[in-house]
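All remarks here apply to the structure that follows.
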Amino acid sequence: MAHAGTLEIRNLHKQYQVKGEPLPVLQDISLSIRPGEFVSIVGTSGCGKSTLLRLVIGLEADYKGEILLDGKRIVGTSLDRGIVFQEHRLFPWLDVRHNVAIGLLNAPGTEASKAKAVQEHIDLVGLKGFETAYPHQLSGGMSQRVAIARALVNRPEVLLLDEPFGALDALTRGHLQAELERIWRTEGITAILVTHDVEEAVYLGDRVVVMQPRPGRIKRIVDVPLPRTRDRGTAKFAAIKDDVLGEFGEAPRPALVSLPPAPRALADWHFAW
Amino acid sequence: MNPTLRTALRGATLPALVLGAWWAVFHFGWTDTKLFVPPSEVWDTAVRLTANGYLWTSLQASLGRFLAGFVIGAVTGTAVGTALGLSRLFEKVVAPSLHTVKQVSLLAWIPLISVWFGLGDPAKIAFLSLAAFFPVALNTFEGIRSVPRELIEVARVFAFSRTQLLRRVVLPAALPSIFTGIYLGLLYAWLATLGAEYLLTSGSGIGNLLTDGREHFWMDQVLLGVVIVGLVGFVINLVATRLEARSLAWRGKSTAQF
Amino acid sequence: MAPLVSAATLPSPPVAPVVPDTKVPSPWRRRGVDLLLSWPFPLSVLLLWQLGAQFEWIPAQILPAPLVVAQTFADLWATGELQDHLLISLGRVLYGFSLGTGLGLLLGVSMGLSPLVKDYLYPTFRLFAQVPSLGWLPLLMMVVGIDEALKIILISKAAFVPVTMNTYNGLRNVPTSLIEVSKVFRFTRWQLLRKVVFPAAFPTLWNGIRYGLTHAWLALVAVELLASSEGLGYLIVYGRQLFQLDVVLTAVVVVGAVGFTLDKVLAVIESRLLRWRRDAF
């Protein structure tokens, strides 16, 4: 079991310089993530959710505010924090086994223990038997599973996922969402998922963080107190999903459009058949 | 009829007609210029020159120079190309000059090189190195520059050191381009070998075999030379593509990215 | 049912402190800096060269000073000698290039459009292309002599091969997806060719033409070095015979400049023609 980390984001501000003008991308983001929690972040394009992940993983810096893992400030990238990108980003010249093993390149441990970890994780994502396949031989879904195995192989404290299933077809996506949930429960790590698919966010998250764009801010955080594994067909699920969707201005909020039921006269029933 | 067989037969029609016409012209004595030489005589010349060792010496000399020049040019080219790819500063300072010098048609350098290096092998090898240098350097540079940023980010996430990044990500990713550069380098070096042998006539080589035949009006020898030049080019092509296919088998057929 | 709302972290009123990041220079400034950086290397080489020649570290016969070369260039230009040779070379290359390109397009198009023609002609073409132009040179010299015909034939051959290859490949590689679209809209064969096949094949085709010109120029220099009494190549050999390396260098510089210009012209035409096409993708 990996040790699940506590992630604290406090008053995070990030801006870029475009043509000499500052462009605020993230504004005053504050988020506390408990160990072992699964947090989904939803938002439309331009709300900075990917930038947020890139700051947490350490690929970008130069921000104001604090990002703390287990109480310590993060500095650059580290094997404590893993990430799965939208593209699988496997090395095309390595087979599945070596692609997963590359995650352990700078990890401590013996060759034997590393080989064992690699095999365990290949089995974990359901790709037993494909160890010697090359990326060009794999489907999109399989490649992404290898990427997940690679991200998990050195048992990070936090797993970040940046729209991991965005490039896959709907059927594969559904399947992999269930797989991801199973893997998360097995490994017991903290996970942060960024997505624009509200259903995916509600299906996987203990909490759903709704972000709004320009500049990126947290609009609202919605709890999802549903037991795992979740059934997308239940009314409770649909209600939470609608609630979150409502934040995106598509459907009118129920509170605004509910009208008091009009009293019915007997005459109304006269012609009802 | 089996379609592959049909295609092969069609393809063979024209060469067969040409060979047949060639043989017929000679067999029926339609012409008697010294220039027209029957196919059989070309073959006889090949046998004769192999027997007295002339063919072998020429081939050896040419290939020896070719390999020496190519190796020097390819090694320097890879080094410079890598430096250009890894350092933006180096690129900005040196690349424009390289692009400018590259513009000059290769063979135009020979007279200058002959003044600096003499007329023998050193000059030829220097010229061959130059010929191989440019495609190797430029393609290596391009290959290193085009390593996808996405893969470099993966290396950063896994805390690769700079050496690890270069060895395990940049080099494999750049390899297809480097191979293209090497292939082009081989081709240009072979062309340069011929050119050098024509212009710097001391010593032996296939180019000299051809020039010799031309000066004595020995059509059979010249034709033989043409065939050999083509064969060597063909073999280079074959070896290079086989090597590439083997080392880059991971590319597969799809154009899917990372 | 009431929506489930948790302890939401409501954003505080926006008071984003605007901290100026490090200045990123505008693209113009960056290009200026790049231009500046490209000079030190060649300039220092030129300087060393000039000093070397001036202080006789290098004898003038091995390498005359750059200033001497510049002077020779000016002299040759003034007497009109340089222009004469230049025009002769240019004339040859353009004539041979047009011939080779024309034939190449003809063959490439017929092989690309007709599988029958391709079956008959492609193998022979490949055999022919196997021997580089330089390999054909002695044979041609024997058969045709060393006057203009030799040069034109060799230059045409040099252009012919890449143009044919690229034209054929360009036509062959038109994406089937586009052809299927035209089937759905019931294009006639002529419409298919004009509106789909040729535009799609054009970039590869033009690439072939550019290669053709480069190879034609290369072949021209080769043949003028070996078997000519006029032209830039001849100028190089002439200077070399007389150990007048300033003449040689002048001619080499002109050869490079012309090669560059020719390719540049084609590149500009390409970007003009393809500008509106590229935007679609």
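The values are calculated or read from the model by the stated rules, or taken from the named source; none is laboratory data. The structure displayed is predicted, hence computed values, not measured ones. For neighbour counting, all protein chains shown are included, and Cβ atoms are generated from backbone atoms with ideal geometry for every residue, glycine included. Just the protein is used for accessible areas: all its heavy atoms, side chains included, with ligands, DNA and RNA removed. Shrake-Rupley method; radii C 1.70, N 1.55, O 1.52, S 1.80 Å.
Report, by residue number, each residue of the range C:170-199 that is without any contact (Cβ under 8 Å) to a residue 40 or more places away in the chain and under 22 Å from the mean Cα position of the chain (by Cα).
C:Phe198 - this is the single residue of the range C:170-199 that is without any contact (Cβ under 8 Å) to a residue 40 or more places away in the chain and under 22 Å from the mean Cα position of the chain (by Cα).
Would you pick out the residues in the range A:12-31 that are open to solvent by 50 Å² or more (accessible area, probe 1.4 Å) and more than 9 Å from chain C (Cβ to nearest Cβ)?
Across the range A:12-31, the qualifying residues are A:Glu21, A:Leu23.
Of the conditions (1) of a type outside the set (Asp, Glu); (2) free of Cβ contacts under 8 Å to residues at least 24 places away in the same chain; (3) surrounded by fewer than 13 Cβ atoms within 10 Å (Cβ to Cβ); (4) in contact with a helix residue (DSSP H, G or I) (Cβ under 7 Å, 6 or more places away or on another chain), B:Trp22 clears all except one; give me its number.
Only one criterion in (1) of a type outside the set (Asp, Glu); (2) free of Cβ contacts under 8 Å to residues at least 24 places away in the same chain; (3) surrounded by fewer than 13 Cβ atoms within 10 Å (Cβ to Cβ); (4) in contact with a helix residue (DSSP H, G or I) (Cβ under 7 Å, 6 or more places away or on another chain) is unmet by B:Trp22, namely (3).
Mind listing just one residue for me: the one in the range B:238-258 that is open to solvent by less than 40 Å² (accessible area, probe 1.4 Å) and assigned to a loop (DSSP other than H, G, I, E, B) and, of those, modelled with the highest pLDDT?
Residues of the range B:238-258 open to solvent by less than 40 Å² (accessible area, probe 1.4 Å): B:240, B:248, B:250, B:252.
Adding the requirement that they be assigned to a loop (DSSP other than H, G, I, E, B) leaves B:248, B:252.
Numbers: B:Leu248: 83, B:Gly252: 67.
Here the residue is B:Leu248.
List the pairs whose first member sits in the range B:184-195 and is at the interface with chain C (Cβ under 10 Å from one of its Cβ atoms), whose second member is of a type in the set (Phe, Trp, Tyr) and surrounded by fewer than 24 Cβ atoms within 10 Å (Cβ to Cβ), and whose Cβ atoms are under 6 Å apart, counting only residues at least 6 apart or on separate chains?
none
For C:Val163, indicate whether it is over 24 Å from C:Gly104 (Cβ atoms), of a type in the set (A, V, I, L, M) and open to solvent by less than 10 Å² (accessible area, probe 1.4 Å). Write out each step before concluding.
Working: over 24 Å from C:Gly104 (Cβ atoms): no; of a type in the set (A, V, I, L, M): yes; open to solvent by less than 10 Å² (accessible area, probe 1.4 Å): yes.
In short, no.
Scan the range C:198-220 and give yes if some residue there is farther than 30 Å from B:Pro111 by Cα, basic (Lys, Arg) and in a helix (DSSP H, G or I), otherwise no.
No, the conditions are met nowhere in the range C:198-220.
Looking at the range B:151-237, what helices (runs of 4 or more DSSP H) fall wholly within it and have at least 1 residues that are open to solvent by less than 20 Å² (accessible area, probe 1.4 Å)?
Numbers: elements: B:162-165, B:171-199, B:206-215.
Once the helices (runs of 4 or more DSSP H) in the range B:151-237 are filtered for at least 1 residues that are open to solvent by less than 20 Å² (accessible area, probe 1.4 Å), what remains is B:171-199, B:206-215.
With the requirement that a residue be open to solvent by 20 Å² or more (accessible area, probe 1.4 Å) and out of contact with any His (no Cβ under 9 Å at 6 or more places or on another chain), what does the range B:135-150 give you?
Of the residues in the range B:135-150, the ones open to solvent by 20 Å² or more (accessible area, probe 1.4 Å) are B:138-139, B:141-142, B:144-146, B:148-150.
Matches in the range B:135-150: B:Asn139, B:Phe141, B:Glu142, B:Ile144, B:Arg145, B:Ser146, B:Pro148, B:Arg149, B:Glu150.
Mind listing just one residue for me: the one in the range A:184-196 that is open to solvent by less than 30 Å² (accessible area, probe 1.4 Å) and of a type in the set (Val, Ile, Thr) and, of those, farthest from A:Val222 (Cα to Cα)?
Per the criteria, the residue is A:Ile189.
Which residues, counting only those in the range A:215-243, are open to solvent by 70 Å² or more (accessible area, probe 1.4 Å) and within 12 Å of another protein chain (Cβ to nearest Cβ)?
The answer is A:Pro225, A:Ala235, A:Lys236, A:Asp242.
If the requirement is being surrounded by fewer than 15 Cβ atoms within 10 Å (Cβ to Cβ), of a type in the set (S, T, N, Q) and either touching a helix residue (DSSP H, G or I) at 6+ places or on another chain (Cβ under 7 Å) or over 20 Å from B:Leu224 (Cα atoms) (or both), which of these qualifies: B:Thr45, B:Thr78, B:Thr4, B:Thr82? Write out each step before concluding.
On the way: B:Thr45 fails: surrounded by fewer than 15 Cβ atoms within 10 Å (Cβ to Cβ); B:Thr78 fails: surrounded by fewer than 15 Cβ atoms within 10 Å (Cβ to Cβ); B:Thr82 fails: surrounded by fewer than 15 Cβ atoms within 10 Å (Cβ to Cβ).
None of the others qualify; the one that does is B:Thr4.
Considering only the range A:58-111, state which residues are assigned to a loop (DSSP other than H, G, I, E, B), out of contact with any strand residue (DSSP E or B) (no Cβ under 9 Å at 6 or more places or on another chain) and over 26 Å from B:Pro172 (Cβ atoms).
Within the range A:58-111, A:Ala61, A:Val75 meet the criteria.
Of the residues in the range B:153-172, how many are at the interface with chain A (Cβ under 10 Å from one of its Cβ atoms) and under 15 Å from A:Ile102 (Cα atoms)?
In the first step, residues of the range B:153-172 are kept if they are at the interface with chain A (Cβ under 10 Å from one of its Cβ atoms); the result is B:153-161, B:164, B:168-169, B:171-172.
Retained after the next criterion (residues that are under 15 Å from A:Ile102 (Cα atoms)): B:153-161, B:164, B:168-169, B:172.
The qualifying residues number 13.
May I ask you to say which residue of A:Glu181, A:Glu131, A:Glu199, A:Glu120 is closer than 26 Å to A:Arg97 by Cα and either within 17 Å of the chain's Cα centre (by Cα) or surrounded by 19 or more Cβ atoms within 10 Å (Cβ to Cβ) (or both)? So that I can check it myself, show each step before the final result.
Details: A:Glu131 fails: either within 17 Å of the chain's Cα centre (by Cα) or surrounded by 19 or more Cβ atoms within 10 Å (Cβ to Cβ) (or both); A:Glu199 fails: closer than 26 Å to A:Arg97 by Cα; A:Glu120 fails: either within 17 Å of the chain's Cα centre (by Cα) or surrounded by 19 or more Cβ atoms within 10 Å (Cβ to Cβ) (or both).
Being closer than 26 Å to A:Arg97 by Cα and either within 17 Å of the chain's Cα centre (by Cα) or surrounded by 19 or more Cβ atoms within 10 Å (Cβ to Cβ) (or both) holds for just one of A:Glu181, A:Glu131, A:Glu199, A:Glu120, which is A:Glu181.
Can you tell me which of (1) more than 28 Å from C:Leu103 (Cα to Cα); (2) not in a helix (DSSP H, G or I) is the one C:Glu230 doesn't meet?
(1)
Determine whether B:Phe70 is of a type outside the set (Gly, Ala, Ser), open to solvent by less than 50 Å² (accessible area, probe 1.4 Å) and within 14 Å of another protein chain (Cβ to nearest Cβ).
Working: of a type outside the set (Gly, Ala, Ser): yes; open to solvent by less than 50 Å² (accessible area, probe 1.4 Å): yes; within 14 Å of another protein chain (Cβ to nearest Cβ): no.
Answer is no for this residue.
Residues are listed down the side, and each one gets a yes or a no for (1) over 28 Å from B:Val232 (Cα atoms); (2) open to solvent by less than 40 Å² (accessible area, probe 1.4 Å); (3) in contact (Cβ under 8 Å) with a residue 60 or more places away in the chain; (4) in a helix (DSSP H, G or I):
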| position | (1), (2), (3), (4) |
| --- | --- |
| C:Asp84 | yes, no, yes, yes |
| C:Gly112 | yes, yes, yes, yes |
| C:Pro123 | no, no, no, yes |
| C:Arg126 | no, no, no, yes |
| C:Ala129 | no, yes, no, yes |
| C:Ile146 | no, no, yes, no |
| C:Ile155 | no, yes, yes, yes |
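Name the residues in the range B:7-42 that are of a type in the set (S, T, N, Q) and either closer than 19 Å to B:Trp218 by Cα or away from chain C (no Cβ under 12 Å) (or both), would you? I'd like the intermediate steps shown before the answer.
Restricting attention to the range B:7-42, the residues satisfying the condition of being of a type in the set (S, T, N, Q) are B:7, B:13, B:31, B:33, B:40.
Selection gives B:Thr31, B:Thr33, B:Ser40.
Taking the condition of being under 25 Å from the mean Cα position of the chain (by Cα), within 9 Å of chain B (Cβ to nearest Cβ) and surrounded by 23 or more Cβ atoms within 10 Å (Cβ to Cβ), how many residues in the range C:238-258 meet it?
4
Which condition does A:Leu55 not pass, out of (1) outside any strand (DSSP E or B); (2) open to solvent by less than 40 Å² (accessible area, probe 1.4 Å); (3) touching a Pro at 6+ places or on another chain (Cβ under 8 Å), if it passes all the others?
The one condition A:Leu55 does not meet is (3).
When you scan the range C:110-126, how many residues do you find that are more than 7 Å from chain B (Cβ to nearest Cβ) and either among the aromatic types (Phe, Trp, Tyr) or within 25 Å of B:Tyr188 (Cα to Cα) (or both)?
Total satisfying the criteria: 2.
Any residue that is over 26 Å from A:Leu12 (Cβ atoms) and surrounded by 19 or more Cβ atoms within 10 Å (Cβ to Cβ) - is there at least one of those in the range A:206-214?
Of the residues in the range A:206-214, the ones over 26 Å from A:Leu12 (Cβ atoms) are none.
No, every residue in the range A:206-214 fails to be over 26 Å from A:Leu12 (Cβ atoms) and surrounded by 19 or more Cβ atoms within 10 Å (Cβ to Cβ).
Could you tell me whether B:Gly230 is without any contact (Cβ under 8 Å) to a residue 12 or more places away in the chain and facing another protein chain (nearest Cβ under 9 Å)?
Answer is yes for this residue.
If only one of A:Gly141, A:Gly109, A:Gly126 is away from chain B (no Cβ under 12 Å), at positive phi and crowded, with 16+ Cβ neighbours inside 10 Å, which one is it?
Exactly one residue qualifies, and that residue is A:Gly126.
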